Every structure is written in C-alpha cells, then in structure tokens.
Amino acid sequence: MTRIGIDLGGTKIEGIALSEAGEELFRHRISTPQGDYEATLQSIVQLVNKIESTMAEQGSVGICTPGAISPVSGLLRNSNSVCLNGKSILTDLQRCLQRDIRIANDANCFALSEAIDGAGKNARVVFGVIIGTGTGAGIVVDCKVLVGANAIAGEWGHNPLPWPEANELPGAACYCGKSGCIETWLSGPGLARDHALVNNTGSDADSLDAKALDKKAQRGDKAAIDTYIRYEDRMARSLAHVINILDPDVIVLGGGMGNIKRLYKNVPNLWGNYVFSDTVNTKLLAPAYGDSSGVRGAAWLWNN
C-alpha cells in the first residue's frame, strides 16, 4: 500500500506518496488557508484525493502537525497556526476522509523520518532535534515514536539550561512562563539575543541572523566566533543532559541551526565534559532529508 504523508505548515501544506520501501512516488504542495480551520481540513482532503487519484489507489494517511494533541481532551494544542488550537483535528479529518489516520507533531515526524531511512538509519535510539525559531525534539526507539504518558516526550527545550554559569542566571523569560529554558539560549533568536547583549549591538539586523553570524565567524570576526563558542558549550551541556538520561545512539540536528556545520565537530568535542561516562559513542549528525523529514515522517507513521 502507498504511504501518504501530509505536512501541515503555517503557509503551505505538502503531500507525499512513498512506496513500501520509502521511494518517493509523488509530491505536491498547496497554500495553507489562513485562519480558516474548515478550509484547512478541506485542503488536506483535496490534497489526499489528488495523490490517490494520481497513484490510482487508496493509501494510508499520516499527518505532521504544528502542535500536539492533548491526551486529556483530544484537541490540538501549542500550534503556531492558532486557528488549529482547541480543535479535534484527528476526529475531524477521519470523518472527512472516512478512514483512520495518524497524527504526530513536526518534531516526532522529523525524528521518525531520520530514524527509518535517514541519518539515524539502523540506530536503535534516535533523538531528533529541530532548532529554529524555537526548539523541539522527538524520540524514536526501534523505529517507533515514543509519545510518553503525557504526550510530551522530547520536550527538551523547556527544561532549564544545565550547569548554568553565574552570568546565565536567571536567563531570559520564555513564552512558557519560566525563565532560562534551553529554548531561550539555543533557538536562532536566542543565539542572536546573546550576541546582541554581549556586544551591545542593539537592533543591528545583520548581527541578529545566525547564518550571517556564521559567515562572520568563518571570516575570523572575533565577536561572532566568541558567540558561537558560548553557543556550542550551551548546546553541549544541553545535549549531554539528554545523553545522560536517554543515551541515544544518534542525535540528528534539524532546523535552521542544523545548517551550521561547525556544530557537528565542536559540540561533540565538548559534551564529554558533561556526560556521566568515560566515553561518548553518541553521534551528532546532519539530517538526510532536511525540510522533507516532516512530510516523510508523516508517511512513516503507519510503520508504527
């Protein structure tokens, strides 16, 4: 049977069809209706119908969503597409498509894609991290997503920065209501905020861009290099905390910060200072599928 994956994003909805072996058979993208829940449902249905019409068969359907479904209410929560929050999206889509479907958040889909046939292929435990405007993560064990009793497995970004230094306390306020969360330090905006505060650059747009900072560092700019040195130590501490608890075989780094090549060498060189072991065999790897991991992971939900 063809596996259909749908990635529901804030500006686009992408659909993919995979063979049983994971070969991409078809891909199509449409715009997301803005602020209209019912129109969003119908757009997903139309996209699934288009894929099945093209493939000339009905497939399994997995959906990658922003936010996650509450195990208490069955309603979507924490979505940056706010029209989806508080909606019974799983039940509603199953009614519209007249079949069972599977839904997981974007971090879980990312981790699943990379665990099945991506950078973490053949690894037993994969921790998939997405770091961009925020931080999220998913855990996959034996090619199955670990959801957890409270449906929050992998919510790594809303723990405090481990082993904080005096000048890192109490940390910036986080939207979750706490201060000093890992997300406030490791997200793209967190990196930019740290650089701006240390260097008194205010609202200098160039300094507030992680990619631009990386280019400056490559050119030998001392302030940019120092910013990344601080960032890498904070990432090493944060991932060491994960290794101490989960002990994954592979950590896959996605999102915008996953494009910063220096992290793949420098962070593993540091995290041994914090891991409770005399050796660290965990690998930090770039994703094989990048931005396509969400939609591929959605298709692979029927592997679970």
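Quick note: the coordinates plus some simple rules give every number you see, no bench work behind them. Remember, it's a predicted structure, so these values are computed and weren't measured experimentally. A quick note on method: Cβ atoms are made from the backbone with ideal geometry, for glycine too, and the neighbour counts reach across all protein chains shown.
May I ask what percent, to the nearest 5, of DSSP beta bridges between residues of the range 119-287 are antiparallel?
60 percent
May I ask you to compute the full-extension gain from Tyr175 to Asn244, defined as 0.36 nm times their residue separation minus their alpha-carbon distance, rounded to one decimal in nm?
Computed gain between Tyr175 and Asn244 is 22.2 nm.
Based on Cβ point charges of +1 for Lys and Arg and -1 for Asp and Glu, what charge dipole magnitude is obtained for the chain about its Cα centre, in debye rounded to the nearest 20?
140 debye
If I model a spin label as a point 7 Å beyond the Cα along the Cα-Cβ vector, how far apart are those points for Trp163 and Thr11 in nm?
For the pair Trp163/Thr11, the computed spacing is 3.9 nm.
In this model, which of Lys261/Lys283; Lys12/Lys50; Lys178/Lys215; Lys12/Lys261 are farther than 24 Å apart at the alpha-carbon?
Pairs exceeding the cut-off: Lys178/Lys215; Lys12/Lys261.
Rounded to the nearest 0.05, what FRET efficiency do Arg29 and Arg193 have when you use their Cβ-Cβ distance and R0 = 35 Å?
For R0 = 35 Å, the calculated efficiency reads 0.60.
Please rank Phe276, Phe127, fewest neighbouring Cβ atoms within 10 Å first, as an exposure proxy.
The order, fewest Cβ neighbours first, is Phe276, Phe127.
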